[in-house]
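Asks: Mind having a look at this structure? Questions to follow.
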Amino acid sequence: MSKLSNPAYVSKLLQRHGIRLKKKWGQNFLVDENILTKIVTTAQLQPDDLVLEIGPGIGALTEKLAAKAKHVITLEIDERLLPVLKETLAEYSNVEMIHQDAMKADYQRLCAAGPLKIVANLPYNVATPLFYHWLKEQRMCISHIVCMIQKEVAQRIVAPPGGKDYGTLSVICQYAATPSLAFDVPRTVFFPRPDVSSAVVELVPRQDTLLTAAQEVVFFKVVEAVFSQRRKTALNTLTSAFELSKKAIADIGILARLDLSRRGETLSVNEFATLARLFYNRNNAD
Ligand code: SAM
């Protein structure tokens, strides 16, 4: 068993480095061999894989990733943890530790040597914006995502149309990737214990999507408009979002063979894509 899975050892290690953990950075470290191994197994790492880990903390997951992959890049926002990581990962020459906010990272540069597998126990406050960023803008850089996140967010990612969990995050994730819930994680496996339950999700980004890049811009606008007023009819929300007449929107509904008097939150990913294509064509007609 790794020393980093022993809460008493972790507590002393942090004390020795004079570190008090910060809630704002979601610093709840995994101290459970079984869960760490399950995350790595889910990522199906191969010896030539390039892994990007967001928020390595003290390196509990990193050491397991480094043992399986060719190269591991870690982005850690908390500068105080860099000396700790240098100590705990001293025997791994294939780990590159970068002091960096993952929200501001240059993913094009990070994936210069090949597509990245992102494996992380994500800081919960940035999980949703990171998923948007990766899937909307950096998809070509990423071959696989395996992340531990807040269970509630995991449920939203895989939610089917119509229910309360289905929203912008569900549609973007299901459009740009194939998402699945890998397993639930109890609060007891963290040091310190968080207030919320967790789950590991797996997403395989699609490299061939239903829409062109230009149509995608419209797709994101349609999705955001619909979920900004999710209880209204699709007809009403799209009329105000696109500043068109109700008749024009209704005509698009007819072309799409969709009843736009439905609540927008019941539209499937494919139905959103069909609408986006038609809005795009209307705007770009000769
Ligand atoms: N990977 C470790 C583990 O599993 O035990 C730590 C996970 S802990 C939930 C989240 C880590 O992400 C912390 O080390 C925190 O400092 C770091 N972090 C928080 N916000 C970040 C950001 N925007 N960019 C990079 N790292 C961040």
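Asks: List the helices (runs of 4 or more DSSP H) that sit entirely inside the stretch 1-116 and contain at least 3 residues that are open to solvent by less than 30 Å² (accessible area, probe 1.4 Å).
Replies: In the stretch 1-116, 7-16, 33-42, 60-68, 81-88 are the helices (runs of 4 or more DSSP H) which contain 3 or more residues that are open to solvent by less than 30 Å² (accessible area, probe 1.4 Å).
Asks: Scan the stretch 139-150 and tell me whether some residue there is more than 28 Å from Gln46 (Cα to Cα), touching a Pro at 6+ places or on another chain (Cβ under 8 Å), assigned to a strand (DSSP E or B) and open to solvent by 10 Å² or more (accessible area, probe 1.4 Å).
Replies: For the stretch 139-150, residues more than 28 Å from Gln46 (Cα to Cα), touching a Pro at 6+ places or on another chain (Cβ under 8 Å), assigned to a strand (DSSP E or B) and open to solvent by 10 Å² or more (accessible area, probe 1.4 Å): absent.
Asks: Those residues that are over 22 Å from Asn284 (Cβ atoms) and without any contact (Cβ under 8 Å) to a residue 60 or more places away in the chain, I need them from the stretch 215-234; list them, please.
Replies: Hits for the stretch 215-234 are Ser228, Gln229, Arg231, Lys232, Thr233.
Asks: Under the condition of being over 18 Å from Pro205 (Cβ atoms) and polar (S, T, N, Q), which residue from the stretch 79-131 is modelled with the lowest pLDDT?
Replies: Asn125
Asks: Moving to a separate point now. Against the condition open to solvent by less than 40 Å² (accessible area, probe 1.4 Å) and hydroxyl-bearing (Ser, Thr, Tyr), how does Thr237 come out, does it pass?
Replies: Considered against the rule, which asks whether it is open to solvent by less than 40 Å² (accessible area, probe 1.4 Å) and hydroxyl-bearing (Ser, Thr, Tyr), Thr237 comes out as yes.
Asks: If you go through the stretch 131-144 one residue at a time, do you hit one that is within 11 Å of the ligand (Cβ to nearest atom), in contact (Cβ under 8 Å) with a residue 40 or more places away in the chain and not aliphatic (A, V, I, L, M)?
Replies: no
Asks: Another question, if that's okay. If a residue must be among the polar types (S, T, N, Q) and crowded, with 17+ Cβ neighbours inside 10 Å, how many such residues does the stretch 240-265 contain?
Replies: Final tally of qualifying residues: 0.
Asks: Answer yes or no as to whether Ile73 is under 13 Å from Ile118 (Cα atoms) and out of contact with any Cys (no Cβ under 9 Å at 6 or more places or on another chain).
Replies: Considered against the rule, which asks whether it is under 13 Å from Ile118 (Cα atoms) and out of contact with any Cys (no Cβ under 9 Å at 6 or more places or on another chain), Ile73 comes out as yes.
Asks: If you check every pair at least six apart or on different chains, which have Cβ atoms under 7 Å apart with a residue in the stretch 117-128 that is more than 7 Å from the ligand (Cβ to nearest atom) first and a residue that is among the charged types (D, E, K, R) and open to solvent by 20 Å² or more (accessible area, probe 1.4 Å) second?
Replies: Qualifying pairs under 7 Å: Lys117/Asp49.
Asks: So, in the stretch 163-184, exactly how many residues are under 19 Å from Lys221 (Cα atoms) and touching a residue at least 40 places away in the same chain (Cβ under 8 Å)?
Replies: Selection size over the stretch 163-184: 11.
The values are calculated or read from the model by the stated rules, or taken from the named source; none is laboratory data. Here the structure is a predicted model, which is why all the values come from computation and not from measurement. Cβ: placed from backbone, ideal geometry, glycine included. Neighbour counts: every protein chain shown. Note: areas computed on protein heavy atoms with side chains; ligands, DNA, RNA excluded. Shrake-Rupley method; radii C 1.70, N 1.55, O 1.52, S 1.80 Å.
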